[in-house]
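What follows is one structure encoded as structure tokens, with my remarks underneath.
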Amino acid sequence: QVQLVESGGGLVQPGESLRLSCRASGILFRLYAMGWYRQAPGKQRELVAIISDSGSTNYPRSVKGRFTISRDNAKNTMYLQMNSLSPEDTAVYFCNAEPGHYWGQGTQVTVSS
């Protein structure tokens, strides 16, 4: 049974940082491409960051330079370091593993003063 469990979300003020984690089980983690997506109320789910099995990363323009995705294959865990957060980053953040279209349950990130 594949499980992706996100953690680390919360309420922060603009300009602050958060680090999200996604722990995977039931898959051979090191062979999977992993990604972070987010969905704000009334909006479609969008890509935040992806990391390949070899460690290559990609980011959309909206988060490039502020967010950093990483992975620790020994711990079956992926991370998302988010800096300089703004209210526009408020969303539920989801962990994804490919192939297989596996998703976590999401963790809420709220940026508000």
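The values are calculated or read from the model by the stated rules, or taken from the named source; none is laboratory data. This is a predicted model, so every value here is computed, not measured. Don't worry about glycine lacking a Cβ; one is built from the backbone with ideal geometry, like all the others, and counts go over all protein chains shown. These area figures cover heavy atoms from the full protein model, side chains too; ligands, DNA and RNA do not enter into them. Shrake-Rupley method; radii C 1.70, N 1.55, O 1.52, S 1.80 Å.
Exactly one residue out of Asp72, Asp53 is in contact with a helix residue (DSSP H, G or I) (Cβ under 6 Å, 6 or more places away or on another chain) and charged (D, E, K, R), and it is Asp53. Applying the condition of being over 16 Å from Tyr93 (Cα atoms) and of a type in the set (A, V, I, L, M, F, W, C) to the stretch 14-34 and asking which residue is surrounded by the most Cβ atoms within 10 Å (Cβ to Cβ) yields Phe29. Scanning the stretch 47-94 for residues that are assigned to a helix (DSSP H, G or I), open to solvent by 50 Å² or more (accessible area, probe 1.4 Å) and without any contact (Cβ under 8 Å) to a residue 60 or more places away in the chain returns Asn73, Ala74, Lys75, Glu88. In a residue-by-residue description of the stretch 12-28, the property of being over 16 Å from the mean Cα position of the chain (by Cα), small (Gly, Ala, Ser) and closer than 13 Å to Val111 by Cα applies to at least one position.
Counting just the residues of the stretch 1-44 that are part of a loop (DSSP other than H, G, I, E, B) and among the small types (Gly, Ala, Ser), which one comes out farthest from Asn73 (Cα to Cα)? It comes out as Gly42. The requirement of being closer than 30 Å to Ser113 by Cα, open to solvent by 30 Å² or more (accessible area, probe 1.4 Å) and not basic (Lys, Arg) is satisfied by Tyr37.
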